[in-house]
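Novice: My questions all concern the structure below.
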Amino acid sequence: MNNKDIVKYFYEVIVSENLLDELSKYISEDCVQRTGEKEIFIGINGMKQHLVALKKTYPDYTMKIIRQYVTDGYVISEFIMRGTHKGEFIGITPTNKVLEITGVNIDKVI
């Protein structure tokens with residue numbers, strides 16, 4: 001698999017199907033998450049906790065990659081995440097409404 005295929009598989013299969021036992025094949029112990037200028041070390045356990053929390057809130061959520069680019073060793077993926085709000089999230093009670101968002105992730109395959 002090339003880097004685009006690896007990233008696509010990670011989001012559409014590993015993340016969407018919540019295959020937490022497979023994370024160590026795709027996430028480094030040195031994994032960091034960057035939001036704006038903030039950089040947060042999360043590692044494998046942090047990623048696992050993040051995905052568990054997402055599944056509690058949106059148990060049916062899935063990610064679909066709609067476009068990808070590769071540049072300077074990074075894979076840039078535009079995605080659609082879709083899920084039904086069934087669990088409490090940061091104090092917000094479940095609405096049972098479907099949430100659909102688009103976003104962009106930038107990943108480095110090492």
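Any read-out appearing in this document is the output of simple, stated calculations on the displayed coordinates, not a laboratory observation. Just so it is clear, the model here is predicted, and its values are computed rather than measured. Note: ideal-geometry Cβ built from the backbone for every residue, glycine included; neighbour counts use all protein chains shown.
Novice: So if I check each of G103, G83, which one is surrounded by 15 or more Cβ atoms within 10 Å (Cβ to Cβ) and touching a Phe, Trp or Tyr at 6+ places or on another chain (Cβ under 9 Å)?
Specialist: None of the others qualify; the one that does is G83.
Novice: From the list I14, I40, pick out the single residue that is out of contact with any helix residue (DSSP H, G or I) (no Cβ under 6 Å at 6 or more places or on another chain) and among the aliphatic types (A, V, I, L, M).
Specialist: Every option except I40 fails the conditions.
Novice: Of all residues in the stretch 59-82, which are within 13 Å of the chain's Cα centre (by Cα) and within 18 Å of N18 (Cβ to Cβ)?
Specialist: Y61, T62, M63, K64, I65, F79, I80, M81, R82 - these are the residues of the stretch 59-82 that are within 13 Å of the chain's Cα centre (by Cα) and within 18 Å of N18 (Cβ to Cβ).
Novice: In the stretch 7-41, what residues are of a type in the set (V, I, T), out of contact with any Lys or Arg (no Cβ under 9 Å at 6 or more places or on another chain) and either crowded, with 16+ Cβ neighbours inside 10 Å or not in a helix (DSSP H, G or I) (or both)?
Specialist: Across the stretch 7-41, the qualifying residues are V7, V15, V32, T35.
Novice: Going residue by residue through the stretch 44-62, is there one that turns out to be closer than 21 Å to V104 by Cβ, touching a residue at least 40 places away in the same chain (Cβ under 8 Å), among the aliphatic types (A, V, I, L, M) and surrounded by 13 or more Cβ atoms within 10 Å (Cβ to Cβ)?
Specialist: No, the conditions are met nowhere in the stretch 44-62.
Novice: Quick one: count up the residues across the stretch 63-91 that are within 16 Å of I101 (Cβ to Cβ), of a type outside the set (D, E, K, R) and free of Cβ contacts under 8 Å to residues at least 12 places away in the same chain.
Specialist: Looking only at that region, the number is 1.
Novice: Shifting gears a bit: When you go through T84, T93 one by one, which is the residue that is more than 20 Å from V104 (Cα to Cα) and touching an Asp or Glu at 6+ places or on another chain (Cβ under 9 Å)?
Specialist: T84
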